[in-house]
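**Q** Could you have a look at this structure, given as structure tokens, before my questions?
Rule-based calculations on the coordinates, nothing more; no lab input. None of these values were measured; they are calculated from a predicted model. Methodologically, a virtual Cβ is constructed for each residue, glycine included, from the backbone with ideal geometry; neighbour enumeration extends over all protein chains shown.
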Amino acid sequence: MRYLWWLTRCQTGRVLRGSLLGTAWMVGLSARPYLISRAVDDGLSAGDTRALTLWVAAILAAGVGLAYLGTMRHRTMTFIREDAKARSAAVVLRQLSRLGAALPRRTATGEVATVGGTDVDRTGQVLTVTGPGVGAIVAYLVVAVLLWSTSPLLALCVLIGVPAVGLVVMPLLRRLERAESVYRQQQGALTARSGDIVAGLRVLAGVGGRALFARRYAARSRDLLVEGYRVGAVNSWIDAATVALPGLFLAAVVWLAARMAATGEITIGELVAVYGYTATLVVPVWFLLEGGHLLIRGRVAARRIITLLDARPDGVDGPPDPPHDRPAPDAPAVPGPRRPDTVGRRPVAAPDRPADLYDPTSGLTVPAGRLSAVATADPADATALADRLGRYVVGDVTWGGAPLTRIGLDEVRARILVAEHDAYLFAGTLRDLLRGGRPDSDDARILAALHAASAGDVLDSLPDGLDTRLDSRARSLSGGQRQRIRLARALLADPEVLILIDPTSAVDAHTEARIAERLRDGRAGRTTLVLTTSPLLLGHTDTVAHLHAGRVVGTGTHAELLDTDPAYRRLVARDDAEQVLR
């Protein structure tokens with residue numbers, strides 16, 4: 001509820017305007033029954049044509065005024081809903097950016113997808129309550145007062161009947177909240193599972209596991225279907241009650257008013273007015289019930305958004321470093337303890353010149369200004385090392401003697417780049433895709449980066465060259481082409497320290513040999529670390545570290561390690577055999 005209240009406070013003026021318009025519109029609905037009753041009593045019953053004409057003109061004017069108020073109310077509420085959705089999307093996106101590499105470890109992919117889509121939309125829909133919802137309450141009171149002037153008995157029926165309708169629907173709303181919570185949780189889990197299956201589809205097909213995972217996914221889908229039916233059943237009862245109960249209430253009041261008109265307690269015009277008042281009251285009653293329905297669903301959605309906002313990174317943010325670590329002025333306060341990495345620690349300056357990176361966990365030193373490599377049989381060890389050196393997880397890495405976690409994160413990200421071989425490729429032109437890390441790059445620098453990555457043939461194969469539009473993940477390209485595009489993008493960014501994770505795993509031996517030669521020339525004088533077991537790449541580096549069980553067990557040139565380290569020789573020979581097979 002605090003989160004929903006924050007969305008409301010962010011646009012106080014607009015919400016007040018929507019409330020005023022909604023109130024004026026709903027109260028105005030009760031004006032026409034009064035005008036009609038006057039036309040009946042003063043015009044038709046009395047046979048006064050002039051009075052009838054005046055009251056009919058007033059009814060027409062009221063209709064025009066209500067049409068204008070209804071249009072402005074709807075327009076304002078649309079702005080309110082869309083503004084709330086945009087703000088929710090913004091805070092979610094900021095949180096995802098802050099979590100960074102910790103996101104997959106903190107939240108499932110399916111959870112992020114459902115929060116960023118359905119939940120953001122539903123929290124925006126809740127703000128509908130601030131307009132018609134407020135107007136519905138005021139209109140309910142106004143109708144009760146008008147009916148009291150006609151008949152206290154009818155007024156009491158309205159004053160008691162409307163809350164009774166709400167009490168009947170309340171248990172259904174509570175049941176909906178419970179069912180919706182379970183359904184949304186299972187939906188996020190199933191979405192995450194589908195994402196994992198799609199990501200590993202090629203591997204599953206290779207090991208014959210596609211049918212097994214398909215059966216498991218189908219079973220989970222059936223379970224979700226059952227939960228969906230539960231939610232749908234409750235929703236159907238609420239929708240039915242929202243329409244039926246106000247209708248029954250209207251019938252009861254009109255029946256009572258007709259009995260009173262038959263006995264002469266009220267006039268025919270007053271009977272018409274009572275019917276009009278009660279029929280008008282159906283609108284605010286419907287809005288109140290609908291508002292309760294939206295509020296329940298919005299609370300479930302807001303709770304899921306808050307859960308995502310409450311996630312914390314892996315302690316890599318480092319100490320407070322204003323203004324970068326200050327939250328946005330309009331961001332909601334997210335409860336939670338202070339991060340331990342920000343307590344009692346002060347930022348330190350980054351090295352003002354290229355400096356060595358040292359990882360005590362593995363014992364690896366990455367010398368500044370040189371092309372180095374790490375070879376390991378376990379890809380998980382290579383990934384963990386890259387995460388520590390790039391400060392994506394907590395570690396004791398030092399940079400020029402300074403603890404990496406105490407240097408401003410923005411500066412670390414600007415000067416140290418970890419480039420994965422399967423990094424995401426966004427949709428857009430090839431030029432924009434390559435310039436993602438260096439927007440000021442001209443075509444000459446782009447072509448140089450493509451040449452260094454041996455990706456000139458990729459450019460030549462595209463119909464519009466650099467202006468060719470590629471879809472998300474560049475699916476129209478082959479695996480090797482995508483990998484070279486990723487390498488060209490990393491080279492074009494030209495960071496002070498570049499860490500490449502297996503950059504040539506999907507290319508043939510001839511292309512790999514060209515990349516090895518050009519990488520050395522293209523990164524001359526800058527710190528570059530390649531995590532690979534390819535002898536073609538290892539042979540072009542200045543120094544190689546052999547990593548075993550997470551620790552450096554040997555260091556030297558590629559040739560020296562081949563002579564002195566049998567385990568390294570077996571590791572590289574296996575990769576050499578794979579090169580021949582390719």
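**Q** If each of Arg312 and Ser236 carries a label point 7 Å out from its Cα toward its Cβ, how far apart are those two points in nm?
**A** The modelled label-to-label distance comes out at 4.6 nm.
**Q** How big is the dipole moment of the chain about its Cα centre under a simple scheme where the beta carbon of each Lys and Arg is +1, that of each Asp and Glu is -1, and everything else is neutral? Debye, nearest 20, please.
**A** Using Cβ point charges on Lys, Arg, Asp and Glu, the chain gives about 1280 debye.
**Q** Subtract the Cα-Cα distance of Ala380 and Arg569 from 0.36 nm times their separation in residues, and report this length gain in nm to one decimal.
**A** Numbers: separation 189, 0.36 × 189 = 68.04 nm, distance 2.02 nm.
Separation in residues times 0.36 nm, less the Cα-Cα distance, equals 66.0 nm.
**Q** Here's a follow-up. If you compute Cα Rg over 2.2 N^0.38 Å for the structure shown, which of (1) 1.38; (2) 0.97; (3) 1.15 do you land on?
**A** Among (1) 1.38; (2) 0.97; (3) 1.15, the one calculated here is (1).
**Q** Hey, another quick one. Determine, from the Cβ-Cβ distance of Arg346 and Glu411 and an R0 of 22 Å, the FRET efficiency 1/(1 + (r/R0)^6), rounded to the nearest 0.05.
**A** So, using R0 = 22 Å, E works out to roughly 0.90.
**Q** If each DSSP helix of 4+ residues adds -39,500 (n - 2.57) and the sum is divided by the residues in the chain, what number results at 222 nm, nearest 500 deg cm²/dmol?
**A** -21000 deg cm²/dmol
**Q** I would also like to ask the following. Using +1 at the Cβ of each Lys and Arg and -1 at the Cβ of each Asp and Glu in the chain, identify which of Ala414, Leu371, Ala448 lies farthest towards the dipole's positive end.
**A** Of Ala414, Leu371, Ala448, it is Ala414.
**Q** What angle do you read, to the nearest 10 degrees and between 0 and 90, between the alpha-carbon axis of helix 443-452 and the longest principal axis of the chain?
**A** 50 degrees
**Q** In addition: Where a ≥ b ≥ c are the square roots of the eigenvalues of the C-alpha gyration tensor, would you call the range 416-468 rounded, which needs a/c under 1.5, or, failing that, prolate if a/b is larger than b/c, or oblate?
**A** On the way: a/c = 1.37, a/b = 1.35, b/c = 1.02.
Because its axes are fairly even, with a/c under 1.5, the range 416-468 counts as rounded.
**Q** Assign one of three labels to the range 414-518, namely rounded, prolate or oblate, based on the Cα gyration tensor with a ≥ b ≥ c the square roots of its eigenvalues; rounded applies when a/c is under 1.5, prolate when it is not and a/b is larger than b/c, and oblate otherwise.
**A** rounded
**Q** What is the list of residues in the range 380-403 whose amide nitrogen lies under 20 Å from a point 7 angstrom out from the Cα of Arg551, following Cα to Cβ?
**A** 380-386, 388-389, 395-398
**Q** Roughly speaking, what is the centre-to-centre gap between the range 127-170 and the range 473-549 when only Cα atoms are used, to the nearest Å?
**A** What the calculation gives is 71 Å, centre to centre.
**Q** Okay, moving on. I'd like the FRET efficiency for Leu447 and Val168, computed as 1/(1 + (r/R0)^6) with the beta carbon distance as r and R0 of 60 Å, rounded to 0.05.
**A** Once the sixth-power term is evaluated, E becomes 0.25.
**Q** Summing Lys, Arg as +1 and Asp, Glu as -1, what charge do residues with Cβ under 14 Å from the Cβ of Ala62 carry, Ala62 excluded?
**A** Here the count lands on +2.
**Q** If you don't mind, there's one more thing I want to ask. Expressed as a whole number of Å, what is the distance separating the alpha-carbon centroids of the range 1-53 and the range 364-406?
**A** 68 Å
**Q** Using a cut-off of under 14 Å, list every residue of the range 151-182 whose amide N is near the label point 7 Å from the Cα of Thr267 along the Cα-to-beta-carbon line.
**A** 151
**Q** Roughly what would the spin-label model give for Leu44 and His510, points 7 Å off Cα along C-beta, in nm?
**A** Spacing of the two 7 Å Cα→Cβ label points: 9.4 nm.
**Q** Once you have the Kirkwood Rh of the range 18-130 from its Cα pairs, apply Stokes-Einstein at 37 °C and 0.692 mPa s and quote D in µm²/s.
**A** Value of D from the Cα-based Kirkwood radius: 184 µm²/s.
**Q** Distance between the C-alpha centers of the range 223-276 and the range 423-455? Whole Å please.
**A** 64 Å
**Q** If you don't mind, another one. Roughly how many nanometres apart are two label points built 7 Å out from the Cα toward the Cβ at Val56 and Ala244?
**A** Going by the 7 Å Cα→Cβ label model, 4.1 nm.
**Q** Remind me, relative contact order of the chain in percent, using alpha carbon pairs under 8 angstrom and six or more residues apart?
**A** So the answer I get is 14 percent.
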